[in-house]
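Taking it in order: structure first as structure tokens, then the write-up.
Laboratory data are not the source of any read-out in this text; all were calculated from the coordinates shown. In this text, all values refer to a predicted model and were calculated from it rather than measured experimentally. Positions of Cβ are backbone-derived with ideal geometry, glycine not excepted, and every protein chain shown enters the neighbour counts.
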Amino acid sequence: MLKAKSLADKANFSPIPLPSPQFLLSLNQSINIMRINRFFAVPAVVLAAQFSWAQVKVDPKENLNPIVKSFVDEVNNNSQLEGMAYELLDGIGPRLVGTPEMLAANEWSAEKLRSWGIEANLQQFGTWKGWQRGTTHVDMISPRVKSLSATQLAWSPATKKAVEAEVVVLPKVSSKAEFDKWLPSVKGKIVLMAQYQKIGRSDEQIKEFATPELYEKLKAEKDQAAKDFTAYVKNIGYDNNTLPEALEKAGAAGIAISNWTGIMGANRIFGAKTSKIPMIDIDVEDYGMLYRMAEKGAQPKIKIDAQSKILPDAKSFNTIGIIKGKEKPEEYVILSAHLDSWDGAQGATDNGTGTLTMLETMRILKKYYPNNKRTIVIGLWGSEEQGLNGSRGFVADNPQIIKGVQAAFNQDNGTGRVINISGQGFVKAYDYIGKWLDGVPKAVRSHIKTDFPGMPGGGGSDHASFVAAGVPGFSLSSLNWGYFGYTWHTTKDTYDKIVFDEVKSNVILTAALAYMASEDPEFTNREKRVMPKDEKGGTVQWPEVKEPRRSSKDYK
């Protein structure tokens, strides 16, 4: 999740540091260093001129703890969020596991922590297949010429030279036998594998302008089309993993899908399911045009030029930063966010905002809380998108830390201000979370709804890795800001979608919670709630601790 800020007062805005020589050396063989240098070397005064400050307003009559008040003042007067967002999102870009950009982000975040006097290192938890995205150019060359809006999927094989081929759609059959009989006909063709969308408008727009009767009609048709396509794939005996494999084996020249979110202009980009032929995602408008042409016998042809590099297996790291406790160094407050992303855009709101929030929180804690009672740890996890692998690896590899965790605070669902905190199934969570929230400025905490004891998170983000191990791990859940439809894993998850004013609020919240948790004289109670019955009358189980996936072998 990404949140960014509005910046920059010339007097207070410090220059963006250049990457270290070691950092650049690690990228030498795989990243265009001139491009990276160009991003990082922009003078601070140029950035400062582009941004204006917004402040989190706090009631001056509020009796805030002086240290918390210093957090607020720092956020309002010397924020580093926008500068860091520029470096991470524009400079490094998306951070897919196994790519040079992911390593660059690990190195960058560790160097950032060290520059503030915080001990930092990279902790390996596995390896992943190496790959680096290049350019994607897709054009229709017949029956007319048109450039198409398309993106190769993550880990897609490159085209050695541009592939030109006719586009075909899946056949109208109702059994595996019929489909398998058709399969050989795809040889040398590019297959449109996704569902056709008759209407490329959002549900909200249709509801706004259609009559109630028309809206219900169109909604019913859309729902039925989705059900019919799901049933079709099931009837032909394949699924989203096995169908691309079958098409590739049958000699297809490429596969195209359109993973449209239902919001105009936004498509989700995940991983390719092929090993030799390109697999691309085409925007709903161009995909629909090709589909209609192919279905009506126009025999459209497209040219795909997809450049990428298959690299040696890469080590997978978490970035870990530590501010050692002065009184209880064997007890820990953990600031959690995943650093990796899918790579259809920049990974701004998933999870650049969470990463920026936790980095800025660590900077402020180091500066204004020099006598932290407990050890404060920041964990910026790798490979969250493939199954919480980085945080699960940390839990598995650091049992002594896990034993002493006072609380873990995780942020990972967009740019909005935090509005929900659940007790995650811990019976006494209200006692300590409620107490800690009392130390947060009213202007920040007034938006937050709590749910105690709540239910334990079983997945979805990295707090679940801690909760499964019986550790009080809490998700700082944000206001939506169109997250799931517009930016979550999409081609639109870019810097400009960050609302920095909202992120400021989250930095203040996180810093205050970390401070209060560190100062609390009591160690948190880990008693778990009695779990409710499920719909079938059985008892819902507390989530199990799961081993991380430590390699990409067999990953689909």
Legend entry - Cα centroid of segment 481-556 to Cα centroid of segment 297-322, whole Å: 27 Å
Inset, instruction - Order by neighbour count: Trp436, Trp488, Trp182, Trp155, fewest other Cβ atoms within 10 Å first, most last. - result: Trp182, Trp488, Trp436, Trp155
Inset, instruction - For Asn259, enumerate residues with amide H under 5 Å from its amide H, sequence gap 5+ or separate chain, H modeled in the peptide plane. - result: Arg268, Ile282
Legend entry - Within-12-Å neighbourhood charge of Tyr332 [Cβ basis; K, R +1; D, E -1]: +3
Inset, instruction - Could you work out how far apart the two model spin labels at Lys227 and Asp59 are, taking each label as a point 7 Å from the Cα in the direction of the beta carbon, and quote it in nm? - result: 5.3 nm
Legend entry - Rounded if a/c under 1.5, otherwise prolate or oblate - segment 190-244, Cα gyration tensor axes: prolate
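Let me make sure I get this right: for segment 317-397, a, b and c are the square roots of the gyration tensor eigenvalues over alpha carbons, sorted descending. Under 1.5 in a/c it's rounded, otherwise prolate if a/b > b/c, else oblate. Which is it? Don't skip to the end; give the middle numbers.
Working: a/c = 4.00, a/b = 1.64, b/c = 2.44.
Judged from the Cα gyration tensor, segment 317-397 comes out oblate (a/c at least 1.5, b/c at or above a/b).
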Legend entry - Using alpha-carbon coordinates, inclination of helix 284-295 to the longest axis of the chain, degrees: 20 degrees
Inset, instruction - State, to one decimal in nm, how far the label point of Trp542 lies from the label point of Ile199, with both points 7 Å from Cα in the Cβ direction. - result: 4.8 nm
Legend entry - Rh (Kirkwood; distinct C-alpha pairs) - the chain, Å: 25.0 Å
Inset, instruction - Take every Cα-Cα distance within segment 301-441, group them into 10 Å bins from 0 onward, and report for each bin the whole-number percent of pairs it holds. - result: 10, 33, 36, 13, 5, 3, 1
Legend entry - Net length gained if the chain between Asn371 and Lys176 were fully extended (0.36 nm per residue, minus Cα distance): 63.4 nm
Inset, instruction - Subtracting the Cα-Cα distance from 0.36 nm times the residue separation, let me have the gained length for Lys326 to His447 in nm, one decimal. - result: 40.2 nm
Legend entry - 10 Å Cβ shell holding at most 12 others, DSSP loop, GluC sites (Glu not before Pro): longest site-free stretch of the chain: 63-326
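Where a ≥ b ≥ c are the square roots of the eigenvalues of the C-alpha gyration tensor, would you call segment 69-121 rounded, which needs a/c under 1.5, or, failing that, prolate if a/b is larger than b/c, or oblate? Mind dumping the intermediate values first?
Values: a/c = 3.42, a/b = 1.73, b/c = 1.98.
Verdict is oblate for segment 69-121.
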Inset, instruction - Starting at the first residue of segment 218-224, write each ³J(HN,Hα) from the Karplus equation 6.51 cos²θ - 1.76 cosθ + 1.60 with θ = phi - 60°, in whole Hz, x for Gly and Pro. - result: 5, 5, 5, 5, 5, 4, 5
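Going by how many other Cβ atoms sit within 10 Å of their own, how do Thr361, Thr375 line up, fewest first?
On the way: Thr361 28, Thr375 22.
Ordered by Cβ neighbours within 10 Å, fewest first: Thr375, Thr361.
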Legend entry - Spatial extent of segment 144-299: Rg and Dmax, with the Cα atoms as the point set, Å: 16.2, 52
Legend entry - segment 228-357: radius of gyration and largest Cα-Cα distance (Dmax), Å: 21.4, 76
Inset, instruction - Could you list Arg550, Arg133, Arg95 in order of exposure, starting from the residue whose Cβ has the fewest other Cβ atoms within 10 Å? - result: Arg550, Arg133, Arg95
Legend entry - Set of lysines near Lys309 by C-alpha distance (under 26 Å), chain-local residues within fewer than 8 positions excluded: Lys129, Lys160, Lys161, Lys187, Lys189, Lys249, Lys273, Lys276, Lys301, Lys492, Lys553, Lys556
